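Okay, so here's the structure we're looking at.
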Amino acid sequence: MAAVAGHRRFLPRGATAVWLYAALAGVLVAALVAGVLVVTDGRASADQPPVDLGAAEHTAVLAAGTVISTNMTLITGDVDVSPGTAVTGFPPGVVEGDVHAGDAEAAQVMADATAAYDDISARGPAVTVPAELGGTRRTPGVYDSADGTFRIDGTLVIDAGGNPDAVFVFRAATLTTARVSNVTLTGGAQADNVFWQATEGAVLGTYSTFRGTVLARGSIKVAEGAVVDGRTLLLDNTVTIEGTTEADNVGDGANEINAVVPPPTRVMLPFDPGTTTQLTSSPNPSQAKFPVTFTARVRPRSGTLAPAGRVLFKDDGVVIGTGMQTGADTPATFTTSALSVGEHHITAVYLGGLTAQAEAWVRFAPSTSNEVVQVVNAR
C-alpha cells in the first residue's frame with residue numbers, strides 16, 4: 001500500500017524534529033521551574049548489548065490485527081500490520097513513510113519485532129524497582145517492576161552516564177504514563193536504545209512525552225496530544241492512536257478569531273541529527289605537572305547548524321573533565337596538569353543537546369571522538 005501523504009498545516013518531515021524539541025524544551029523549563037524531584041538510583045545491571053530490531057527498525061507503528069487512527073495524527077516512519085490487513089484513519093491522519101498491511105514486508109517486520117521481544121524477555125541480570133518511575137533517575141541496565149506494572153507520573157530521567165551506546169530495558173505486565181508526564185534523556189542516552197516491554201498492554205497518556213520503543217502484547221493506546229519519540233510495536237490485536245481535534249472558529253465577520261490548531265498526536269522514529277567529534281591536544285607531548293589542553297570540536301554530519309552541549313573528556317574510559325561547546329567557534333575545552341608520566345588514551349564524548357534554530361530547537365545526537373594518545377614526559 002502506498003504512503004499516505006498530505007494534510008494542511010502540518011510541518012514537513014525535515015521540520016518535525018525542530019517542532020518537537022521546541023515543545024520538549026518548554027517541558028524541561030517548566031520542570032525546572034516547578035522544582036522536579038528526581039531520585040537518583042545506582043547502576044541497574046551489567047552493560048547490555050544492542051537490541052536488534054531488524055526490519056522493524058524503520059517501523060513506527062506495528063500491530064497484528066488493526067491500526068486505528070482518529071482525528072489529527074502524524075506518524076513519522078512506516079506503519080505495518082501482519083497478519084491482519086486493517087489500517088484506518090489515514091487521512092485525516094498522516095503517515096510519513098510506507099504502509100504495509102498483510103504483505104511480505106509486514107510479515108518480516110512482525111517476525112523481527114517478535115524476535116526482539118523474546119530477546120529482551122531473556123535479558124539479565126535485572127533489578128526490581130518500584131512501579132512508579134516518575135521522579136526517578138535510571139541508569140543503564142534491565143529493570144523489572146516490583147508489582148508487575150510500570151507507571152510514569154511526572155518526569156523519568158534516563159541517564160546514560162556518558163555512554164551513548166548504553167541500553168535500557170524496562171519490563172512489566174502493563175505500562176501507563178500519566179497526563180503530561182515526561183521521559184527525559186540525559187548523559188548521552190538515545191531513544192533508540194530504550195526499550196519497554198509490556199506483556200499485557202501499554203497506555204501512553206494525554207499530552208505525555210514518551211521516549212523509547214514499546215514492544216507489547218495485548219494492546220497499545222496513544223492518547224490525544226501525546227508525543228512518542230520511538231516506536232509502538234504490538235505483537236497482538238490493535239494499536240489505537242487518538243488524534244487531536246481542531247476547534248471551531250470563534251465569532252463572525254470582522255470579529256472572527258481563528259482557533260489555534262493543536263499539534264497532532266505524534267509517533268516518530270527517533271530523529272536526532274548525527275554529529276562527529278574531533279579531538280586534539282596541545283602540547284603533545286607534554287611535561288608532568290604542566291598544563292595540557294584538550295579541544296573537542298563537534299560538527300553536524302549534514303547542514304551548517306553547529307551543535308551545542310556538554311562534552312566529557314575520558315582517559316582510558318574514565319571521565320577526567322568536562323567542557324561545553326556553545327557554537328561553531330567555541331568548541332569544548334579541558335585543561336589539566338594532573339596527568340601522570342606515560343601514555344594516556346584520551347577520548348571525548350559529546351552527550352548530545354539542544355541547539356537553538358530561529359524560534360525552535362534541534363536536538364543533536366551524541367558522538368564519540370577519535371582517540372588521542374597524550375604522551376606525558378618527566379620534567
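We did not get these values from a lab; they are worked out from the coordinates using the rules stated. Everything quoted here is computed from the prediction, not taken from an experiment. Cβ coordinates were reconstructed from backbone atoms using ideal geometry, including for glycine residues, and neighbour counts include every protein chain displayed.
Computed values, structure above
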item: Asp103 versus Glu359: modelled label distance in nm, points set 7 Å from Cα along the beta carbon direction; result: 4.1
item: Full-extension gain in nm, Arg301 to Glu371, via 0.36 nm per residue minus C-alpha separation; result: 23.3 nm
item: Selection from Thr333, Val319, Gly303, by position along the positive dipole direction of the stretch 275-377 (Cβ); result: Gly303
item: Distance (nanometres) between label positions extended 7 Å along Cα→Cβ at Asp118 and Lys289; result: 6.3
